[in-house]
Structure formats: structure tokens, C-alpha cells
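The values are calculated or read from the model by the stated rules, or taken from the named source; none is laboratory data. Please read these numbers as outputs of a predicted model, since none were measured by experiment. Cβ atoms come from the backbone with ideal geometry, glycine included; neighbour counts cover every protein chain shown. Just so you know, the surface numbers come from the protein's heavy atoms only, side chains and all, with ligands and any DNA or RNA stripped out. Shrake-Rupley method; radii C 1.70, N 1.55, O 1.52, S 1.80 Å.
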Amino acid sequence: MGERLAVVSGGGTGIGRAVAAGLAADGLDVLVVGRRAAVLAAAAERISAECGRAGAVRGVVADLTDPEQANLVVEAVGERAVDVLVNNAGGYLGGETGTLAGVAAHWRANFDANVLTAVLLTEALRPALRRPGGRVILLSSIAAQRGGGGAYSAAKAALHGWAYDLATQLGPEQVTVNVVSPGYVADTEFFGERMTPEGHAKRVAATLVGRAGEPDDVAAAVRYLAGPSAGYVTGQVLGVNGGSVLGR
């Protein structure tokens, strides 16, 4: 068992899996949280093998839009302190918006998936955060800064305001709170079958570096914010987008 513990929501695939692998490589034990037991088990087994520490990564099956299931993560943490909490769960949820009822359901679903999951998990684990030295990291999106995603953009933007508030609250306890805002990242489940070759080319062309992002690009930013070198960084939004949106 390692000395430090990380919790990564949405940790079974894509960016979340890359984050979990990076943190495990840095010597942390990792709990990956998600709704699909088989996916979590496969990720936990593979990452543990890759870092050469059996059991370094464990899966916790929970739907984080449900307060009762968020408590399952608390039970899995037990008496340990949480050094790093990465709120990565979420995604773009479509829906029927031809009626006001459909609009309401669509917006609530995106808010629940992207904001409520982070809020409930953070509040559930807040007493367990390492003091001093804890790290809370929220995964946002370039859509929060430039729009284009409707309810998804609005939900991700809400994380920014909440992060500023949370950073203010936890700063005196030497706990940092930051946001990582990725641009277009290939090799994830985010777009599913919606991505076309034309869409891929358009997004790559919008970058300054001429390539799509990779999950490891985002994981590297999270690893920095989770590490000792970032102890003086809090209340910030770190864009990882290849220059698609310039810092401001």
C-alpha cells in the first residue's frame, strides 16, 4: 500500500484512465470510480500491472449523481486521507429539445453528469482530504470557454465558478483547487460515433500545434497539479488545447 491515495472519477477509460495510470506511476494508490464494473476492473488490473504494484488501482462502482452511491466511495476510502481528488466524470448528453419538457430534461441531465457528480463526490470526500497538501482537480472543457456545446458548455463553465469558491474555502487549510480544461482529445469515448474525418480535421486545424490532443497530454497537466511543485497554484484554469483557445 502506498503512502498517498488518489480518487479519479470516470477513471475507466479515456482521459480518466490516463490520469489514473499517471498517478499510479507517480506512486499513488488510486481508486477509479465509474458505473461500469467490467471496465473499471479491466483498467485497474492493467494499470496495476503496468506500474508493477499489484492492487495499486482498485475500482469502485458508483453512479455519482446519486448521493447514496457517492457514499460508496467514502466507504472504499475508509480511514485513509485523500491526497488527490480528480473529478473527471461527465460528458455530453444529447436529448430531445423540441419541447420545454425536453429542454429541461436535457439541461438537467448535462448538469447532473458534469456538475453534480463533481459536487457530490467532493463534498463526500471533503472531510478526508489531506490537510495540509490535498489537491482537488476538476476536468472542464474548452467548450466552457468558447461555447458551442449548449447545455454541456454551460455545465462545464459552472465548474469554473465553483472551483474559485472552493479554492477560497479550502486555501486556508492548504488544500488547492484547480481546473484542467482540455481541447479536442482523440482516442476517448466522448464523441462516440458522432466524430467524422471532416470533424477531426477541422478540430486539428483549429490548433496552433497541428495535432489532436491525447489523453496523456491532459494526464500530464493533472499530474503537475497533483504534485508537490504545484503547492502555490490554486483557483486556476489550465487550458490543454493546443492553442485552440488562448489564455485569458
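How much accessible area per residue does the chain have, in Å², with a 1.4 Å probe?
Numbers: 11750 Å² over 248 residues.
Per residue, the chain has an accessible area of 47 Å².
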Between the range 14-34 and the range 98-141, how far is it from one alpha carbon centroid to the other, in angstrom? 19 Å
Net charge of neighbours whose Cβ lies under 11 Å from the Cβ of Thr188, counting Lys and Arg as +1 and Asp and Glu as -1: -2
Add +1 for every Lys or Arg and -1 for every Asp or Glu among the other residues with Cβ under 11 Å from the Cβ of Leu72, and state the total. -4
Under 10 Å, Cα contacts only: if you run a Gaussian network model on the chain, which one of Leu93, Leu225, Leu121 comes out with the highest mean-square fluctuation? Leu93
Search the structure for amide H atoms under 5 Å from the amide H of Gly11, placed 1.01 Å from N in the peptide plane, and list their residues when 5 or more places away or on another chain. Val33
Could you run the Karplus curve 6.51 cos²θ - 1.76 cosθ + 1.60 with θ = phi - 60° over the range 171-185 and give me ³J(HN,Hα) per residue in whole Hz, x for Gly and Pro? x, x, 9, 6, 10, 9, 9, 9, 10, 10, 10, x, x, 5, 10
Relative contact order, percent, of the chain when contacts are C-alpha pairs under 8 Å separated by at least 6 residues? 18 percent
If you line up the long axis of helix 37-51 against the longest principal axis of the chain, both from Cα atoms, how many degrees apart are they, to the nearest 10? 60 degrees
Post the alpha-carbon centroid distance, the range 192-248 to the range 142-160, in whole angstrom. 15 Å
Which label belongs to the value computed from this structure, given these candidates for semi-axes √(5λ) of the Cα gyration tensor in Å: (i) 32, 21, 19; (ii) 24, 21, 20; (iii) 27, 20, 19? (iii)
Highest-fluctuation residue, Ala158, Ala81, Ala201 considered, GNM on the chain with Cα pairs under 10 Å: Ala201
Going residue by residue through the range 98-114, the Karplus relation 6.51 cos²θ - 1.76 cosθ + 1.60 with θ = phi - 60° gives ³J(HN,Hα) values, rounded to whole Hz and with x marking Gly or Pro, of x, 10, 5, 5, x, 4, 4, 5, 4, 5, 5, 5, 5, 5, 4, 5, 9
Estimated dipole of the chain in Debye, rounded to 20 [Cβ of Lys and Arg +1, of Asp and Glu -1, Cα centre]: 480 debye
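Could you work out what % of the accessible surface of the chain is carbon and sulfur, using a 1.4 angstrom probe and leaving DNA, RNA and ligands out of the count? Mind showing how you got there, number by number?
Values: 6380 of 11750 Å².
After summing per-atom areas, the C and S share lands at 54 percent.
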Taking the 0 to 90 degree range and rounding to the nearest ten, how far is the long axis of helix 215-226 tilted relative to the main principal axis of the chain, both from C-alpha atoms? 50 degrees
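With n ≥ 4 as the cut-off for DSSP H runs, can you work out [θ] at 222 nm for the chain, using -39500 (n - 2.57) per run divided by the number of residues, rounded to the nearest 500?
Values: 9 runs with 104 residues, N = 248.
One gets -13000 deg cm²/dmol as the mean residue ellipticity at 222 nm.
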Identify which of Arg203, Arg46, Arg194 has the largest mean-square fluctuation in a Gaussian network model of the chain, with springs joining Cα atoms closer than 10 Å. Arg194
Any chymotrypsin sites (Phe, Trp or Tyr not before Pro) in the range 169-248 that lie in a DSSP loop and have at most 16 other Cβ atoms within 10 Å would be Phe191, Tyr232
